[in-house]
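Take a look at the structure set out below.
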Amino acid sequence: NLIVSCPSVLEKSVIYDLEKSVATLKEWGLVSSSEDLVHILDKAPKLFDTRFEERLLYLRDVVGLNPDALRKVVHAFPATLLLSVGRSLSVKFKFLTEVLHGSAQDLVAIPNFFELSLEKTLFPRHAFLCSKGISDFDIQVLALGSNDEFCSKLANVELQEFEKFDNDGNWILFYTPVM
């Protein structure tokens, strides 16, 4: 999978490039066994082609994740280390904290939060709740699960009502200034 997804790994220096990346993962406490490394590389094979330290620094210093929380987030969604800080991580974290009033603890509870699409999942669901006057809700229920689960557990409506809201693009009215 690694070679198929990232053939340029064959051009890398084992000592300089690959060993350095593995050492960085170990240094940050993200890899403590070969199984850990295989898990991360299986889910994010382009990791050896990426300078991912900036993402780790952002997650630690700005988001405030401690080493255990950082490990949990990276293991849940290893491609977190491939996402742009400016175009993805910071935008999603800002949405989590400023719009949903969440925190780094919510990232630990929803370790794959950075995997979620703002436009396809988070914006439409949050806007729908706002349109219904629902402001007190569990962020985990908003973020996780299918649209059907979201509708039955949080919005208390039939799936078709949410789908119409989403398909009509009504949610975009809530987020035009953000986008």
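Return yes or no: is V31 open to solvent by less than 40 Å² (accessible area, probe 1.4 Å), more than 12 Å from A79 (Cα to Cα) and without any contact (Cβ under 8 Å) to a residue 12 or more places away in the chain? It is true that V31 is open to solvent by less than 40 Å² (accessible area, probe 1.4 Å), more than 12 Å from A79 (Cα to Cα) and without any contact (Cβ under 8 Å) to a residue 12 or more places away in the chain. Checking L122, L142, L65 one by one, the residue that is buried (at least 19 other Cβ atoms within 10 Å of the Cβ) and either of a type outside the set (A, V, I, L, M) or within 22 Å of V31 (Cα to Cα) (or both) is L65 and no other.
Scanning segment 145-158 for residues that are over 28 Å from L82 (Cα atoms) and open to solvent by less than 70 Å² (accessible area, probe 1.4 Å) yields F150, C151, L154, A155, V157.
The residues of segment 133-179 that are part of a helix (DSSP H, G or I), out of contact with any Gly (no Cβ under 8 Å at 6 or more places or on another chain) and touching a residue at least 40 places away in the same chain (Cβ under 8 Å), listed by number, are L142, F165, D166, I172, L173, F174, Y175.
Applying the set (1) open to solvent by less than 20 Å² (accessible area, probe 1.4 Å); (2) modelled with pLDDT of 70 or more to C6 leaves exactly one unmet item: (2). In summary, S117 fulfils each of the numbered conditions (1) open to solvent by 30 Å² or more (accessible area, probe 1.4 Å); (2) within 19 Å of G145 (Cα to Cα); (3) in contact with a Leu (Cβ under 7 Å, 6 or more places away or on another chain) with the single exception of condition (3). Residue-level check: of (1) farther than 22 Å from L30 by Cβ; (2) assigned to a helix (DSSP H, G or I); (3) without any contact (Cβ under 8 Å) to a residue 40 or more places away in the chain, C130 misses just (3).
The values are calculated or read from the model by the stated rules, or taken from the named source; none is laboratory data. In this text, all values refer to a predicted model and were calculated from it rather than measured experimentally. Heads up, the Cβs are rebuilt from the backbone with ideal geometry, glycines too, and the neighbour counts pull from every protein chain shown. Only protein heavy atoms, including side chains, enter the accessible area calculation; ligands, DNA and RNA are left aside. Shrake-Rupley method; radii C 1.70, N 1.55, O 1.52, S 1.80 Å.
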